[in-house]
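What follows is a single structure, written as structure tokens, with notes after it.
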Amino acid sequence: DLVLLVVDVFETCDELLKEAAKAVKAPLLILLNKIDLSDKEKEKTDYWKAAFPQAKEVIAISAKTGRLGGLLSAIKSRLPVHAEYFPKDEYTDRSERFFAAEIIREKIFLNYEQEVPYCCEVVIDTFKEEETIIRLRANIFVERNSQKGILIGKGGQALKKTGTDARKSLEEFFNKKVFLETFVKVAENWRKESAWVKRFGYRS
């Protein structure tokens, strides 16, 4: 019904992104993230409007500070009215693996800066639920070895913090003790390789 494209305020648009956007049939909203770090909101907004003239709106936001810039109202005003897809007591059709990956991805966005979070894909390799504990093994894919080094950090401290933060949120979400293992792997330029894109569950 609606496509939201999240971009970094410090990023520039590339041709691959433009071509992908051309295939989008649903209304497109551009979300300009990290606007709290820039004093050039109008200039950046105008740049992305020019890059994606088909976009219905470019909205400056900050995920870190909670600034949404009218995002929710922009979404609600463009969603069609139709019959309920699910019963009222059914909250989602997503799997537990999906939510586990999203929670880990959230911690990556909170703990790292610049392009690193946008180059990461989280895949839950193992999800084993026992009576008193859930055992998870997650692979975090990046595009370059340099990003792998940043993600792991000196002495593994950066990855350890991300894993600890994720584990605490996972335990709160599942209401059960969680044992989490995280591994960082390189999938060279995965966002530009259709095989990797399909493997990660995206439509090319």
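The values are calculated or read from the model by the stated rules, or taken from the named source; none is laboratory data. All of these numbers come straight from a predicted model, not from anything done at the bench. Reconstructed Cβ throughout: ideal geometry from the backbone, glycine too, with neighbour counts over all protein chains shown.
Annotations
- Considering residues of the range 133-147 that are more than 17 Å from the chain's Cα centre (by Cα) and modelled with pLDDT under 95 only, the residue surrounded by the most Cβ atoms within 10 Å (Cβ to Cβ): R144
- Qualifying residue in the range 45-61 (condition: in contact with an Asp or Glu (Cβ under 6 Å, 6 or more places away or on another chain) and either among the aliphatic types (A, V, I, L, M) or in contact (Cβ under 8 Å) with a residue 12 or more places away in the chain (or both)): yes
- Restricting the range 66-125 to residues that are β-branched (V, I, T) and over 16 Å from G163 (Cβ atoms), the residue that is surrounded by the most Cβ atoms within 10 Å (Cβ to Cβ) is I75.
- In the range 182-204, the residues that are in contact with a Ser or Thr (Cβ under 8 Å, 6 or more places away or on another chain) and either touching a residue at least 12 places away in the same chain (Cβ under 8 Å) or under 27 Å from K128 (Cα atoms) (or both): T182, V197, K198
- Matching entry among L16, L37 (being surrounded by fewer than 14 Cβ atoms within 10 Å (Cβ to Cβ) and in contact (Cβ under 8 Å) with a residue 60 or more places away in the chain): L16
- Test result for R135, under 15 Å from I108 (Cα atoms), among the charged types (D, E, K, R) and either in the same structural domain as V24 (by TED's automatic domain parsing) or touching a Leu at 6+ places or on another chain (Cβ under 9 Å) (or both): no
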